[in-house]
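Written below as structure tokens is the structure these notes are about.
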């Protein structure tokens, strides 16, 4: 797994610049801000990872007697994730 520090973040540019937070632009390679995005994958691959995780959680939580419930749970998780991230970032 990639270490979650600025140096390995998609927003970090050599020389200590962070493009995620341009007002707080200067940072060090070992710093972290909590907004880390893996530089080794594309944004599309990151979106696919999130979708896969949501589906896996829905599968684990679903009632196995009703397979349509899996999709309902996946949709609810996908809709709730941005709110959960905002609340967790307080």
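Numbers below:
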{"read-out": "Pairwise label distance in nanometres, residue 53 with residue 68, each label 7 Å out on the Cα-Cβ vector", "value": "3.0 nm"}
{"read-out": "Relative contact order of segment 1-40, pairs being alpha-carbon contacts under 8 Å that are 6 or more residues apart, as %", "value": "49 percent"}
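None of the figures in this text is laboratory data; all of them are computed from the coordinates on show. These numbers come from a predicted model, not from an experiment. Every residue, glycine among them, receives a Cβ derived from its backbone with ideal geometry; neighbour counts consider all protein chains shown.
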